[in-house]
Amino acid sequence: MSARIGVGVMALLLALYIVLVAQRAVLFVSSGSPVGIAIGVALIVFPIIAAWALVREIMFGSRAASLGRKMEAEDALPTEQVEVRPSGRVLREEADALFPRYREAVERAPDDWRAWFRLGLAYDASGDRRRARGAVRKAITLERQLSR
């Protein structure tokens, strides 16, 4: 629930930013000078890119959470218990020891979105966020193709 609140706060802050920057952009564009117009156009383009990125991240989070709920309902989430630090973070050594098992599952069944999702969880536990997101994105793509 706290993640949703954080997303909501970020979305509201982005909306406020877009409104304030749009006001400045209009002033720069209406100045008539080439430099002012260039700055005004940049002030219009950057918030559009920021909004696109925010929407994309919200969609990714929503789809990943949906797959997680689906796997939980199927009782298909990983069940291994790993020790955590007092901060709550997984001990990387333990996560790394489990990782080959999930990688091999993907190699055996490269079209199984569940295997990709579990691999994403293993990458995340190992601290490799970039690969975790890539594996979960692949799981989302495969699951969407399957449900068509």
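Number of residues in the stretch 113-135 that are in a helix (DSSP H, G or I) and of a type in the set (D, E): the value is 1.
Close Cβ contacts (under 9 Å, 6 or more residues apart or on different chains) running from residues in the stretch 72-85 that are closer than 16 Å to D124 by Cβ to residues that are among the β-branched types (V, I, T) comprise V82/V90; V84/V90. Take the stretch 85-110 and flag every residue that is among the basic types (K, R) and in a helix (DSSP H, G or I). Of everything in the stretch 85-110, those that are among the basic types (K, R) and in a helix (DSSP H, G or I) turn out to be R92, R101, R103, R108.
Rule-based calculations on the coordinates, nothing more; no lab input. All of these numbers come straight from a predicted model, not from anything done at the bench. Cβ coordinates were reconstructed from backbone atoms using ideal geometry, including for glycine residues, and neighbour counts include every protein chain displayed.
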